Every structure is written in structure tokens, then in C-alpha cells.
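Structure first, commentary second.
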Amino acid sequence: MKRIFIALTAAVLCALILTSCVSPEPYDTGPETMASGTTVPETTVPETTEPETTEPETAEPETEPPETTEAETTVPETTVPETTVPETTAPETTVPETTVPETTAPETTVPETAPYENELGFKEDLSAYEKYMDPEDRDAYLLLVNPDHPLGSDYKPSDLTLLADRRGDRKDQLRLYAAKALEAFLKESRANGCKTMTSVSAYRPYNTQKYIFDNEVKGYMEEGMTEEEAIAKTRSDTAYPGESEHQSGLAVDVLDYDHTLSNFAGTYEAGWLAENCWKFGFILRYPQDKEEITTYVYEPWHLRYVGRYHAKQIFDMGMCLEEYVEYLANNP
């Protein structure tokens, strides 16, 4: 554009010079031409045109420097951010902080089961049953039921619960804490080889116990005993109505499918029960060497719930419930 503009201005200047040289004396062309032949003033015209044509050539470098500098400044601007991109990827992918806690997280579950394995030897995870096996109110289940401490005919616990583990279509019930503790006991018994251990008798109301007792007396009388003899004989292994622990909702008879009441003693299941029932809050209510105190014969199947604290004390001291209640009364 500058070159065109210079060319146009040069042409205009030439036209003005020519007109100034020719037009002043249009009437005297003859002598002027003769005089100018020697001096040739017309030759001076190109002098003005020639430098005007060369002047744009010197002006060309003025436009070229900015064009080159503009390109030079834009090139480094695009390349600089491209080289800095890897700075964000390198540290983000190599962060080890997230992997460390993930690998160590399982360590928190180990101590939860370890106390059971170390202290009580449980093979099953019975943590959900802990509050039932070892109740917070540890004295709430020390109810003594025997001929000297009978229950009324209308006594019935308010928290009876259907047992989760029972035989066939039986409707056995126990008080809530005893029922849940028994559930834990049976789970662990199977993990230790007692594969078919279940409850066979739990809560019994007064009238049911009366029916059982009267029926047994009747059977002995049919064998030739007097009523007095039959009642005395029945009392040795069957509680009189109101004197049965089953009415309390805290007692349960357990057996495996391979044995009956008559041949359960001496079995592996009976031995495991006697050694481990205290861990679940139960005691063997009628031990073999306590018949004179309990007034009942040895019953290796009869469990009574008292809670783990008292069950362990009774087990360690080798007492029956009557002895232990008396011990607590003398040692408050």
C-alpha cells in the first residue's frame, strides 16, 4: 500500500512539474525550445521521478521488521505451556497415601475376634450375642426355684421368646436373654462336633407341669406302688407343679438326635456341655454329686441360665445354685 501511495504521489508531482514547464509560455514555444536545447531543462524531470521511485525501496525494510517480530513472539508462547503439562500427571499417579490405609484396614477386624479365641476359645463369631451371654444386669436372673422356693400357679414371664433352634414343629420358648444365649451355645456346639444338639424342652406353664407330674405318678401306681410311694419316686426326677425351673423360662433341656435322656450321660456332647456351658451364661443345674442338696437326680441335659458372671463363679467353685445363693447371702 505504501508503494502504491508513493507511486501515485510521484506521478502527481511529475504531472505538476510538466504542466508548470509547458503552460507558462504557450505562445513562445519556439525560442524556449531553442534555448532549452542547450541546457536541456527537460532532463531534470526524470531526476525528480527517479528518486521518487527509489524512495519506496528504502521504506520496505520499515514494514518487514514488525512482521518478523510478531511471529517470533507468538511461537514461544504456545510451546511453554506444553512443556509444563507433565508436572501434574507425575505426582498424582504416584501418590502412595491412599494405598497404605487400604492394606492396613483389615487389621481392625482381627482384634474383634481375637478376644473370643484367646479368652473363651470360641470358633464362631458370637459378638452379636455377647450382651445376652453376659448381661449388664448380672443379678437379674438368679431366681431360685425349688421345693422351698416355688412359683405361683399364675407365674408367667413377660419376655418369652420362641427359640430359633428347636426340634421339628415344637414351639419351645425361653426368656429373651436365655433364648439368645442358647442360640449362641448351639451354634458353637456344632462348631465343636455336637452336630445335632437342639432343645427338647423349655418353658412350661404350671398346668403343663401338673399334667406331666400327675401322669408319671399314675404310671408308678400302675406298676404297683402306692400313691405316696409314686409321688416320692416322681419327685426324684420330676418337679412338682410350681417347683419346676421350666416355669421360670430360664431352664432348657438339650439333647442330640443320637441319644435320649436315659443314655445321654457319658457322651461327648454331655461332656462338652458340662465344660463349656458357663461361657454362654448357663450352669448344669443338677450336678452328679449334689442330689442331696438339689433333691433331684443328675441331669446332664438340664441347663439353667444365670448369666456368664455368676455361671463362671458357680463353675469355678463347684457349687450348685442352692449353695451359690447361700454363699452370696453370707458374702454380700
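The values are calculated or read from the model by the stated rules, or taken from the named source; none is laboratory data. Since the structure is predicted, the reported quantities are computational estimates derived from the model, not experimental observations. FYI the Cβ positions are ideal-geometry reconstructions off the backbone, even for glycines, and counts take in every protein chain you see.
At-a-glance table
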| quantity | calculated |
| --- | --- |
| Among (1) among the small types (Gly, Ala, Ser); (2) crowded, with 23+ Cβ neighbours inside 10 Å; (3) in contact with a Pro (Cβ under 6 Å, 6 or more places away or on another chain), the one test that ALA251 misses | (3) |
| Selection status of ASP165, modelled with pLDDT under 95 and either touching a strand residue (DSSP E or B) at 6+ places or on another chain (Cβ under 8 Å) or loosely packed, with under 14 Cβ neighbours inside 10 Å (or both) | yes |
| Of the criteria (1) on the phi > 0 side of the Ramachandran plot; (2) of a type outside the set (S, T, N, Q); (3) touching an Asp or Glu at 6+ places or on another chain (Cβ under 9 Å), which one GLU299 fails | (1) |
| Residue identified as of a type in the set (Ser, Thr, Tyr) and either over 54 Å from the mean Cα position of the chain (by Cα) or under 30 Å from GLU130 (Cβ atoms) (or both) among THR238, THR198 | THR198 |
| Residue identified as in contact (Cβ under 8 Å) with a residue 40 or more places away in the chain and under 14 Å from ALA251 (Cα atoms) among TYR309, TYR296, TYR305, TYR286 | TYR305 |
| Qualifying residue in segment 215-224 (condition: touching a residue at least 24 places away in the same chain (Cβ under 8 Å) and either among the basic types (Lys, Arg) or more than 19 Å from ARG308 (Cβ to Cβ) (or both)) | no |
| Near pairs, Cβ below 7 angstrom, 6+ apart or cross-chain, from segment 133-151 (under 30 Å from PHE122 (Cβ atoms)) to any residue that is among the β-branched types (Val, Ile, Thr) | TYR141/VAL306; LEU142/VAL306; LEU142/VAL325; LEU144/VAL325 |
| Count of residues meeting criterion [farther than 20 Å from TYR206 by Cα, in contact with a helix residue (DSSP H, G or I) (Cβ under 9 Å, 6 or more places away or on another chain) and either outside any helix (DSSP H, G or I) or in the same structural domain as LEU176 (by TED's automatic domain parsing) (or both)] in segment 227-260 | 5 |
| Residue count for segment 163-186, restricted to those that are more than 18 Å from GLU245 (Cβ to Cβ), in contact with a helix residue (DSSP H, G or I) (Cβ under 8 Å, 6 or more places away or on another chain) and not in a loop (DSSP other than H, G, I, E, B) | 3 |
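Every residue, every condition in (1) exposed (fewer than 14 other Cβ atoms within 10 Å of the Cβ); (2) closer than 23 Å to ARG285 by Cβ; (3) β-branched (Val, Ile, Thr), yes or no:
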{"residue": "THR208", "(1), (2), (3)": "no, yes, yes"}
{"residue": "ASN215", "(1), (2), (3)": "yes, yes, no"}
{"residue": "THR234", "(1), (2), (3)": "no, yes, yes"}
{"residue": "GLY242", "(1), (2), (3)": "no, yes, no"}
{"residue": "GLN247", "(1), (2), (3)": "no, yes, no"}
